[in-house]
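What follows is one structure encoded as structure tokens, with my remarks underneath.
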Amino acid sequence: MADSNFWYLENIDLTKLLCPIKLGKVMDTHQYEVVKKGEYIYVPQDRSKNIYFIAEGKVKIGAMGEGGREITKIILGKGEVFGEFAILGEESKNDFAQAVEDTKLCVSAQDEIKNLMRNHNQLSLFFLNMVGSRLLKMERRLESLVFKDSKTRIIEFILEQIETNGIRVGYEWVVRPSLTHQDIANLTATSRQTVTTVFNDLKQNNLISFNRRRWLIRDKEALMKLVS
């Protein structure tokens with residue numbers, strides 16, 4: 001949710017409520033953390049006590065499976081919130097949060113957020129909508145894992161990135177995902193080799209070009225036809 005409208009509900013400026021440091025208005029009740037790429041913000045069994053707001057950067061939320069296998073649930077970017085289950089009664093973390101790139105966070109205690117929710121009904125609606133939206137996204141992802149092949153899942157992921165992070169340039173789209181092929185494999189329940197193969201096939205067909213910093217989607221409509 002990179003759109004700045006994400007931070008506004010009716011007459012409430014959520015940025016001022018949830019991340020005043022982002023506006024240069026430091027408050028004693030807010031913490032500000034800088035997390036380096038690869039560092040963990042929390043891990044399973046950590047106490048669930050804070051809500052986090054991404055001022056800059058990206059964060060991966062995931063779980064550890066048997067044998068240390070990593071399962072990526074979602075990757076969040078600037079303007080998004082995580083750790084929200086702390087206000088729903090979660091006592092300890094079941095997943096981990098890790099910085100995908102150098103990241104700046106505004107951190108609020110769950111009690112502070114609960115007090116804000118009592119005074120601002122729209123903030124309660126914000127969290128309700130956010131949790132509902134993520135649950136719906138996870139349900140769709142589960143359906144995709146069951147009913148669709150790996151190539152389709154990877155192409156759908158590319159299309160999703162266009163919708164959430166894409167910048168239109170003429171008839172083409174530019175995406176700067178900050179994701180490795182292994183990250184994409186974790187998100188689509190495929191392998192790194194499969195992701196690389198699909199990307200190379202799309203490149204050979206002149207549908208996309210890519211490097212470590214960006215993807216250039218040359219024909220979005222053609223990609224959509226591949227998964228329709």
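Observations
- Dividing the summed helix terms, -39500 (n - 2.57) for each DSSP H run of n ≥ 4, by the number of residues in the chain produces a 222 nm estimate of -12000 deg cm²/dmol to the nearest 500.
- Take the Cα of residue 167, step 7 Å toward its Cβ, do the same at residue 218, and the gap between the two points is 2.1 nm.
- Helices that extend 30 Å or more along their long axis by alpha-carbon positions and average at least 0.0 on the Kyte-Doolittle scale are, among the DSSP H runs of the chain, 121-147.
- Virtual spin-label span in nm between residue 152 and residue 227, 7 Å along Cα→Cβ: 1.1 nm
- Of the residues 68, 38, 166, the one that moves most in a GNM of the chain with alpha-carbon contacts below 10 Å is 68.
- Whole-angstrom gap from segment 151-201 to segment 51-70, using each part's C-alpha centre: 18 Å
- Within the listed set 89, 62, 77, the residue fluctuating most in the Gaussian network model of the chain (springs between alpha-carbon atoms under 10 angstrom) is 89.
- Sparse-neighbourhood loop sites, trypsin sites (Lys or Arg not before Pro) in segment 33-112 - DSSP loop, at most 14 other Cβ within 10 angstrom: 36, 37, 69
Computed from the coordinates by the stated procedures, all read-outs in this text should not be read as laboratory data. Just so it is clear, the structure is predicted and the values come from calculations on it, not from any experiment. As a convention, Cβ positions derive from the backbone with ideal geometry for all residues, glycine included, and neighbour counts pool all protein chains shown.
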